[in-house]
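> Got a structure here, written out as C-alpha cells. Questions coming.
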Amino acid sequence: MKNEFLDNFGRSETLWMYACSRCGECVDVCPVYNETSDKYTAPGFKIKKMRGIVTNKIAPFTGKPKEETVKRIAKGLFECTLCGRCWSVCPYNYDLVNLWEKARESAFEAGLGLQPHALMVDALKTEKNIFKRPHIRRTEWTKGLDIPIKEKADTVYFVGCLLSYRGPIKPAAKATAVILNAAKEDWTILKDEVCCGAPLRFAGANRHLDELMESNIRAIEATGARRMVFSCPGCYRMFWQVYSKALGRKVQMVHVTELVDSYIKTGRIQLKAKSSEKIAYHDPCELARLSGVIEQPRRVFANLTTQFVELPENKFNVRCCGGGGLYKAVDTDKSLEIGRKRVEDAEKIGATTLTAACPSCYETLSQAAHFKKSNVKVIDFAEAVAQQIE
C-alpha cells in the first residue's frame, strides 16, 4: 500500500510552511522559475499548495485537492535544482533544501516520482551507478595512469559516478590524481567504490540508501584511511551530512579545493609562475552555499593567475548553473538555458576561462558554452591547478 503524499511531514515542517509570509523573495531568485515562469516551480507557490494538502489532512472539511493538482504539485518538487537560493533569501532562514528533499521522498513513496528518476534508481540498484554502466568498468579510467588501488592508504580519493563514467569529465579525475601524486600523498581509490547515494536523496528514494552506504563504509574502513577527498560536492555533502554519523570523526572529509589550498599553504605542491589568463570561477551551489567552502578556491586562483575575476552573484549568493538536483534529467533544455546565462556572465566580464569545482557544473557549463558557440573555455578546478604544477 502506497503512502499518501506528505504523510512524512511532522510538526516542524508544518509549522514552517505556515510561517511562510509569501513575501516572494524566493520566487525572484529561483533559477527554474526565472526560466519557465511556471508557478508550480516557484518555491513560495509550492509551499502554499503543500500547506493546503497538509491542512486537509488535519481538517478534512477544508476540501480534498484534486488528484491532478496533487500530481502537478509533486512534479513541481522535481522541477528544481535544489540549489538553496530560496533558502538564502528566506527572511525566516528556513532550511528549504531539507523541505524539498523531504517532500520529494514523500512524493516517491506515494508513487508520484518521475520516470527519469525511476530509471536512475533501477540503475543504482543493479549496477551501483546512475548511468547503468557495468559496475566492473568503474575504474577503467585509471588504465595507463599512475593511479593507486591499494589495500591500505592514508587518504582515499572518492571519485564518484560522473568522473568514473562520463568521458568528457574524466580529465578532472586524472588531474586530481596528478595533484595527489605531486604532493606525494599516500592515497588510493576504492577498489569497489559504488555511488555515494546522493542521487537517491534527490530522487526521494531514500529507502534504497542503506545498501550503497554500507558497501562504501566497509571499503573505506578496510583501508584504514584517516582522510577522504572528493571532487564532487554532492558526494562531499552526502558524506559529511550522512556518512559521518557512521564513520565518526576518525575520517576527515575534504573537498579538493580545500586540499589544494592546504597544499599551497604548506608548500607540498610547487606551482609555475602565475599565468595572465583571465579566469572566472563559478561557485557550485552544493559546495559554496550548502557546504560553506567559499574562500579556499579563491586563495588557490590567486596563486594561479594574475587575472582572477569574479562572476556576478557569487559565493553564498551564487546563481545556479542549472545542473543540480537531477533537474537535467527532468528538463535538459531548460537546464542548459540556465547554464547558458552563467556562460554569458563570464563573457560579460571578459573571462577567457570559466572554471567550476563540481563535475555536474562542469558538464552543464561545458554543454551550455558549446551550444551557445561561446569562446569561453570551461575547465574543471583540478585541471586548472594541474596545468600549473611544476
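> Hey, among the residues in the stretch 333-365 that are surrounded by fewer than 22 Cβ atoms within 10 Å (Cβ to Cβ) and touching a strand residue (DSSP E or B) at 6+ places or on another chain (Cβ under 7 Å), which one's nearest to residue 259 (Cα to Cα)?
353
> Related question: Considering (1) in contact (Cβ under 8 Å) with a residue 60 or more places away in the chain; (2) more than 17 Å from residue 234 (Cβ to Cβ); (3) among the hydrophobic types (A, V, I, L, M, F, W, C), say which one residue 320 fails and leave the rest.
For residue 320, the failing item is (2).
> As an exercise: evaluate residue 156 against (1) at pLDDT 95 or above; (2) in a helix (DSSP H, G or I) and give the number of the one condition it does not meet.
(2)
> Quick one: how many residues across the stretch 264-283 are loosely packed, with under 15 Cβ neighbours inside 10 Å, assigned to a loop (DSSP other than H, G, I, E, B) and touching a residue at least 24 places away in the same chain (Cβ under 8 Å)?
Residues of the stretch 264-283 that are loosely packed, with under 15 Cβ neighbours inside 10 Å, as a first pass: 265-267, 270, 272-273, 276.
Then keep just the ones that are assigned to a loop (DSSP other than H, G, I, E, B); that gives 267, 270, 272-273.
Now narrow it down to the ones that are touching a residue at least 24 places away in the same chain (Cβ under 8 Å): 270, 272.
The number of residues fulfilling the criteria is 2.
> Here is a list: 378, 343. Which entry is assigned by TED's automatic domain parsing to the domain that holds residue 287, within 18 Å of residue 312 (Cβ to Cβ) and assigned to a strand (DSSP E or B)?
Just a single option satisfies the conditions, and that option is 378.
> Let me ask something else about it. Quick one: in the stretch 83-102, which of the residues that are assigned to a loop (DSSP other than H, G, I, E, B) and in contact (Cβ under 8 Å) with a residue 60 or more places away in the chain is nearest to residue 233 (Cα to Cα)? If you could, list the steps in order and put the result at the bottom.
We begin by selecting, within the stretch 83-102, every residue assigned to a loop (DSSP other than H, G, I, E, B); these are 83-84, 90-95.
Restricting the remaining residues to those that are in contact (Cβ under 8 Å) with a residue 60 or more places away in the chain gives 83-84, 90-92, 94.
Numbers: 83: 12, 84: 14, 90: 23, 91: 26, 92: 26, 94: 22 Å.
Here the residue is 83.
> Another question, then. Can you pull out the residues in the stretch 194-250 that are buried (at least 21 other Cβ atoms within 10 Å of the Cβ) and either in a loop (DSSP other than H, G, I, E, B) or not assigned by TED's automatic domain parsing to the domain that holds residue 151 (or both)?
Passing the criteria: 195, 196, 197, 204, 205, 225, 231, 232.
> Can you tell me which residue in the stretch 64-101 is surrounded by the fewest Cβ atoms within 10 Å (Cβ to Cβ), limited to those that are polar (S, T, N, Q) and over 22 Å from residue 326 (Cα atoms)?
Initial filter on the stretch 64-101 (polar (S, T, N, Q)): 69, 81, 88, 93, 98.
Next, only the ones that are over 22 Å from residue 326 (Cα atoms) stay: 69, 93.
Numbers: 69: 14, 93: 9.
Among those that are polar (S, T, N, Q) and over 22 Å from residue 326 (Cα atoms), it is 93.
> Looking at 125, 150, can you tell me which residue is under 21 Å from residue 218 (Cβ atoms), in a helix (DSSP H, G or I) and not assigned by TED's automatic domain parsing to the domain that holds residue 73?
Details: 150 fails: in a helix (DSSP H, G or I).
Going through 125, 150 in turn, the sole match is 125.
> Applying the selection to the stretch 358-383, what residues are under 20 Å from residue 178 (Cβ atoms) and of a type in the set (A, V, I, L, M, F, W, C)?
Answer for the stretch 358-383, where residues must be under 20 Å from residue 178 (Cβ atoms) and of a type in the set (A, V, I, L, M, F, W, C): 358, 378, 379, 381, 382.
The values are calculated or read from the model by the stated rules, or taken from the named source; none is laboratory data. As the structure is a prediction and not an experimental result, all values here were calculated from the model. Cβ sites come from the backbone with ideal geometry, for glycine too, and all protein chains shown count toward neighbours.
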